[in-house]
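> There's a structure below that I have some questions on.
The values are calculated or read from the model by the stated rules, or taken from the named source; none is laboratory data. Since the model is a prediction, treat every value here as computed from it, not as a measurement. With ligands, DNA and RNA removed, areas are computed over all heavy atoms of the protein, side chains included. Shrake-Rupley method; radii C 1.70, N 1.55, O 1.52, S 1.80 Å.
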Amino acid sequence: MPNEFVAEMAARHTNLLFGASVNPYRRDALARLEWAKAHGAVLGNGSPPIMEIDPADPATHSLL
């Protein structure tokens, strides 16, 4: 589900929290995280196997 949809549903339903998912290899990853935070994200998620994220890659440490 796109972050925009999840943010909208969380805003409509008080029993839901918005958790954002951003691939740290996206060129706009920091902007996407900032957008998510501004729209109420309370946590972030990255799924290394699905997003092909290497947890040992120093470039991803600030986003994971």
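> In what order, largest first, do 26, 32 sit by accessible area if the probe radius is 1.4 Å?
Values: 26 110, 32 55 Å².
Result of the area sort, largest leading: 26, 32.
> Quick check: residue separation of residue 12 and residue 56 times 0.36 nm, minus the Cα distance between them. What number comes out in nm? Before the final figure, lay out each step's value.
Numbers: separation 44, 0.36 × 44 = 15.84 nm, distance 3.77 nm.
Going from the current span to full extension adds 12.1 nm.
> Find how much the distance from residue 5 to residue 45 grows on full extension, using 0.36 nm per residue of separation minus their present alpha carbon separation; answer in nm with one decimal.
On the way: separation 40, 0.36 × 40 = 14.40 nm, distance 1.55 nm.
Length gained, residue 5 through residue 45: 12.9 nm.
> Separate question: Would you kindly find the accessible area of residue 22, with a 1.4 Å probe and non-protein molecules such as ligands, DNA and RNA excluded, rounding to the nearest 10 Å²?
Number for this one is 20 Å².
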